[in-house]
């Protein structure tokens, strides 16, 4: 759509100025918009509001609010619960409130551009004629928005109807007033002026009082939490009122009768009875899910779990990824170490641990926030990430716990909030929403236009421009609904192709997207064709018929009907579904085989590693045994040597051999310096030999022994 891609420029730029002179109207009347052409034969208006397609007025910088409100309105369970609680207003009360509503005041800014007053020309240009203004581009979104405000009708929402609900004015009552006004309106197209809701929002939240660019995800989170608080406060009020006004039962009177009469008088049937399963919990059941934080201590292996409720999931982005990959990364194990250690109650101190987030309870409406804005330390501010993130039409979550409720729940994409701009501090928000029976529509403030289904896939982040998907809304569905929608889309595509004048026969609508591999059957136009069709007949098994003249009757070609047998759409859809199922089964089997092969490979690798460890341990053990044996043998050998060396008699030649060369033990090796001084007279004295007595030799022998073995110390005085 050229009108939308023209909006990819900065929304802070001023719109083209319009001169005070009114342009001439076309005699043929205003040209209908694409939405009006689509709704030309829509039939009677429905009472549930599903066929109302109204834009929302932008009060300077309220596109963040308009895009989120449109997504919530076209959520059927959310809209029905808002209208039903605490009760629905009557048409008379709504008409009375609209009648006494203050008049609508145009905003000071329109689409982010201030309107300049039409003052006199400046003195510099007083002498020159005024320049002729350029004609406006009728395909520009600014022109279409201005035309929507001028054409109308405008649904003025400057009143408060909270007294009709017996509730104080809150953000919930303002939202309910807007939804009721849209549902009860007697027209399908127009513009809603939600001034009152913005005033209540700014009164209750200071953050939204400024004219700065706001974040659509922050508004969604604030709106859901505020509505929850409003509902719970009203529920507590009803419970307190019921307890205070409940009469004391009289003795002897049945309690059920008293309660019935009291309830009939004080609590009409239109008010909800607060119980444990109160209707005020519908918002919890729609948007609220449960996250389970599993933390495993690496010291004691103790696993602790903690449940946390959530209304939306914010996922980090990476380049060239998908929503499924982002959700899988959201549940990856996170290591808690160093400064982020986990306090383990079992260990009684800070320990290293592994943390993982899983989904325990799935919501009926899943709001996914793609974290496009990231703080960078280099610039010291938030930066927009233009990463390509693919989001599917149908989604199934795999990061669930083992005890999750309905873990195989299937979601379908029904709304996308798109941010257009280069950063978080400026830009524009639009929403692309799948309606109940009118396909996808683009809601750009006051402008509403139908778009193709493939148009939704233009905001992955890889296209030229600054438009990226920011918030994704998925709602629960079933496989039967998906198949039914596919069949409806096939029929609608066939009818659109036929009405577009493509010359396609409706009998062949089932074959529009299939390649013909055989020639279509028809009446033969030539002898060649006749021969061709005759050859296609079944083979003859009976003998040929002979005529009376002996000639053989030639077989006649069977009459071929000119009508081509058609295959219905259901048959082609079933074939496609069967092929798709077979393909998925083959892929699943291949994936299972791959996983089984991978498991066997890992098992073999683990066995090899175990065998290697066992062999290494055996070698080490054998080496230790050999070392011990060698040590024992060496000790035994040393002991034998010591035993052989030592002799008890003290007369070991080998032991004395060590001291043989000692200077102090060598007999007769003393030098002159070491010898003691001797008396020469004593050397020449010859002992007397007694005559005739043989005892002299016996006395000399002990004397020599005494001189031979008297050396025991290094003192040489004993030689004498």
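Computed from the coordinates by the stated procedures, all read-outs in this text should not be read as laboratory data. Please read these numbers as outputs of a predicted model, since none were measured by experiment. Backbone-built Cβ (ideal geometry, glycine too); neighbour counts: all protein chains shown.
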- Message: If I take R0 = 60 Å and measure r between the Cβ atoms of residue 435 and residue 609 in this structure, what FRET efficiency does the formula 1/(1 + (r/R0)^6) give, to the nearest 0.05?
- Response: 0.50
- Task: With a 10 Å radius around each residue's Cβ, average the other Cβ atoms per peptide and rank 392-402, 433-443, 93-103, 65-75, highest first.
- Result: 65-75, 433-443, 392-402, 93-103
- Query: Ranked highest first by average number of other Cβ atoms within 10 Å, how do 162-170, 202-210 line up?
  - Reply: 162-170, 202-210
- Based on a Kirkwood Rh over C-alpha pairs, give the Stokes-Einstein translational diffusion coefficient of the range 400-490 at 10 °C and viscosity 1.306 mPa s in µm²/s. 105 µm²/s
- Task: Using only C-alpha positions, report the orientation-averaged shadow area of the convex hull of the range 375-438, nm², one decimal.
- Result: 7.5 nm²
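Compute the FRET efficiency between residue 350 and residue 147 as 1/(1 + (r/R0)^6), taking r as their Cβ-Cβ distance and R0 = 60 Å, and round to the nearest 0.05.
On the way: r = 65 Å, r/R0 = 1.08.
Calculated value: 0.40.
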- Note on the structure: Simple SL model, points at 7 angstrom along Cα→Cβ for residue 487 and residue 452; separation in nm is 2.6 nm
- Task: Determine the principal axes of the Cα atoms in the range 288-499, then give the extent along each, sorted from largest to smallest and rounded to whole angstroms.
- Result: 74, 46, 27
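Would you please put 610-619, 358-367 in order of how densely packed they are, using the mean number of other Cβ atoms within 10 angstrom per residue and starting with the highest?
With the highest mean Cβ count within 10 Å placed first, the list reads 358-367, 610-619.
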